[in-house]
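Structure first, commentary second.
The values are calculated or read from the model by the stated rules, or taken from the named source; none is laboratory data. Not measured: the values here are computed from a predicted model. Positions of Cβ are generated from backbone atoms using ideal geometry, with glycine treated the same way; all protein chains shown enter the neighbour counts. Calculation scope for accessible area: heavy atoms of the full protein, side chains included, ligands and nucleic acids excluded. Shrake-Rupley method; radii C 1.70, N 1.55, O 1.52, S 1.80 Å.
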Amino acid sequence: MTRPANDTFLRALLRQPVDYTPVWLMRQAGRYLPEYCETRRRAGNFLSLCKNPAMACEVTLQPLARYALDAAILFSDILTVPDAMGLGLYFAEGEGPRFERPLREEWAIRDLAAPDPMVHLRYVMDAVSEIRRALNDSVPLIGFSGSPFTLACYMVEGGSSEDFRTVKTMLFDRPDLLHRILAVTTEAVTDYLNAQIEAGAQAVMIFDTWGGALPAWAFRQFSLDYTAQIVAQLTKQHDGERVPSIVFTKGGGQWLEAIAGIGCDAVGLDWTTDLAEARLRTSDRVALQGNLDPMALFASPNSIETETRRVIDNFGHHSKSSGHIFNLGHGISQHTPADHVSVLVDTVHQYSRAFHAVPPA
Ligand code: CP3
């Protein structure tokens, strides 16, 4: 058994008592840190950085050296999975991700197959093992993947999209083709996350960044049902410890009950959802992760403190069955002033303590 010295994050995910609210930030290793930009420059580009386990390990640890974060997250990208499926990922400078071979033709969709993560994504597993060694059981390591629907958006569009015109046209005209992509991707993500757990990831998070762009009727069929299949097949116990799972659907607040019902341990919320209402709607049956607006980090230190406290107040006092992990409602912006992040982290740690104290009898 290997329990990290600081296991507050894992305990909160499992809704066990903690002394304070743990905190980590989506995209905590990234361009707002000058040391990240320096390592990326040495790597040549973002993708070479992801594919170099020693450098991926280095950037994973950078935010932990600056801030008292309660978890590390593997440095990688959700699009390494479609890359391993043969779509040819590249990042055009200043343009975001692109695929050389987007999935458009019926024959290519029929030929699509789940990759063996130990072969085609070996560099990710090597990074996970190297990061675990470097962390030396200080804080837990989070592994992650994109949801099948979010990955399908990039695979069919060939990159980022404003309106998801191509993938939604496929959804309306040829739902059978989209379901085929989603089924293969579900198998790929399941194998990928279980390989990360085998390599040492102590919790896993599924990013459904674009599920919230679907019509309500389609969300369950095209996004949630596939995420649910993955969660059901995840390795639940490794090395004698429970491996909790987090599902984050950006824009998914209206479907919170459904998301909380798929068997995940925690639900990630963006900043549009009220945490107190979310607790009521889920009857504290899952932990909640979130949900400060990332733009709040551009405000003055005083305002950052106010907004951080507002999130903690909004969740409220902890009960026997509750769990809260402080995070942003989406990834940290690359333009965030790095010194503002310590205000957030320190405020969470200090201010949240009173919310975990046992009330006097
Ligand atoms: O949280 C972390 O620190 C772990 C690393 C991480 C990255 N991407 C690094 C990254 C994680 C968890 C992701 C997930 C990811 N990647 C998502 C889902 C989460 C979300 O943000 O909604 C998505 C949709 C992607 C796809 C992706 N990768 C896009 C659209 C872009 C370009 C956007 C941008 O900000 O330029 C990336 C690139 C990317 N992934 C960067 C980082 C640090 C910036 C690349 C660089 O250094 O140039």
Problem - Loop-located trypsin sites (Lys or Arg not before Pro) in the range 227-312, at most 15 other Cβ atoms within 10 Å (DSSP) - result: Lys236, Arg285
Exercise for the section: Could I have the simple spin-label model distance between Trp217 and Ala68, label points 7 Å from Cα toward Cβ, reported in nm to one decimal? Expected result: 5.2
Completion exercise
Rg/Rh of the range 270-361 (Cα atoms, Kirkwood Rh), to two decimals, equals 0.99
Problem - C-alpha long axis of helix 53-66 to longest principal axis of the chain, angle in ° - result: 30
Practice task
Treating the Cα atoms of the range 165-311 as identical point scatterers in vacuum, please give the log10 of the normalised Debye intensity I(q)/I(0) at q = 0.09, 0.22 Å⁻¹, two decimals.
Solution key: -0.34, -1.32
Exercise for the section: Residues in the range 23-63, backbone N under 14 Å from the label point at Ala338 (7 Å along the Cα-to-beta-carbon vector): list them, ranges by number please. Expected result: 28-41, 59-63
Handout entry: Net charge of Cβ neighbours under 15 Å - reference Glu100; Lys, Arg +1; Asp, Glu -1
Key = -1
Exercise for the section: Could you calculate, for the range 49-136, the ratio of the Cα radius of gyration to the Kirkwood radius, expressed as Rg to Rh? Expected result: 1.06
Fill in the blank from the handout: Cα convex hull volume per residue for the chain, in Å³, equals 125
Problem - Phi-based couplings in Hz for the range 155-168 (Karplus 6.51, -1.76, 1.60; Gly and Pro marked x) - result: 5, 7, 5, x, x, 5, 8, 7, 10, 6, 4, 5, 5, 6
Handout entry: the range 8-356, accessible area per residue, ligands and nucleic acids excluded (1.4 Å, Å²)
Key = 39
Handout entry: Vicinal HN-Hα couplings computed from phi for the range 292-303 (Karplus, 6.51 cos²θ - 1.76 cosθ + 1.60; Hz; Gly/Pro x)
Key = 5, 4, x, 5, 4, 6, 8, 6, 5, x, 4, 5
Completion exercise
For Phe144, other-chain or 5+-apart residues with amide H closer than 5 Å (H placed, Pro excluded) are Met205
Fill in the blank from the handout: Sequence order, the range 74-80: Karplus ³J(HN,Hα) from phi using 6.51 cos²θ - 1.76 cosθ + 1.60, θ = phi - 60°, Hz rounded, Gly and Pro as x, gives 2, 8, 6, 8, 5, 7, 5
Exercise for the section: Note down the magnitude of the dipole of the range 8-356 about its Cα centre, charges +1 on Lys and Arg C-beta and -1 on Asp and Glu C-beta and zero elsewhere, to the nearest 20 debye. Expected result: 300
Exercise for the section: Mind pulling the per residue volume of the convex hull built on the Cα atoms of the range 1-46? Å³ is fine. Expected result: 140
Problem - Whichever lysines have a C-alpha closer than 21 Å to that of Lys250, once near sequence neighbours (fewer than 8 apart) are set aside - result: Lys168
Handout entry: Solvent-accessible area, 1.4 Å probe, carbon plus sulfur percent, for the chain
Key = 50
Completion exercise
Note, Gly323: beta-carbon cut-off 11 Å, +1 each Lys/Arg, -1 each Asp/Glu, net +3
Exercise for the section: Would you mind checking which residues have amide H under 5 Å from His238's amide H? H placed 1.01 Å from N; only 5 or more apart, or other chain. Expected result: Val243
Practice task
Find out how many positive minus negative residues lie around Leu49, taking Lys and Arg as positive, Asp and Glu as negative, among other residues whose Cβ is under 15 Å from that of Leu49.
Solution key: -2
